[in-house]
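As structure tokens, the structure follows; a few thoughts come after it.
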Amino acid sequence: MNSSLSGLEGRIVQVIDGPFAGFRGEVKEIGEQTVKVDVQVYGRVTPLDVALRQIDLVSEKSN
């Protein structure tokens, strides 16, 4: 795993591409090219596997 990605776990990200674009969630696991993000869909936590290129880190100030 890339050392710059190791601090991503537990951080809030926004999905920027695909059917869940616009959703925010917490990074739970980091793989080689994907991350598992828990997002809320219809009031339930739903785990998503998304490519790293499909997420942006949400700044701490906007939480």
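The values are calculated or read from the model by the stated rules, or taken from the named source; none is laboratory data. Keep in mind the model is a prediction, meaning the values are calculated, not measured. Ideal geometry is used to build each Cβ from the backbone, glycine not excepted, and the neighbour counts take in all protein chains shown.
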Give me the residue from segment 21-50 that is over 20 Å from residue 61 (Cα atoms) and basic (Lys, Arg) and, out of that set, surrounded by the most Cβ atoms within 10 Å (Cβ to Cβ). 36
Listed by range, strands (runs of 3 or more DSSP E) wholly within segment 21-63 having at least 1 residues that are in contact (Cβ under 8 Å) with a residue 12 or more places away in the chain and touching a Phe, Trp or Tyr at 6+ places or on another chain (Cβ under 7 Å) are 34-41, 44-51
Mind counting the residues in segment 1-16 that are at pLDDT 95 or above, among the hydrophobic types (A, V, I, L, M, F, W, C) and surrounded by 15 or more Cβ atoms within 10 Å (Cβ to Cβ)? 3
Restricting to segment 11-20, name every residue that is part of a loop (DSSP other than H, G, I, E, B) and closer than 16 Å to residue 56 by Cβ. 11, 16, 17, 18, 20
Kindly evaluate residue 25 against the criterion of being on the phi > 0 side of the Ramachandran plot and not aliphatic (A, V, I, L, M). no
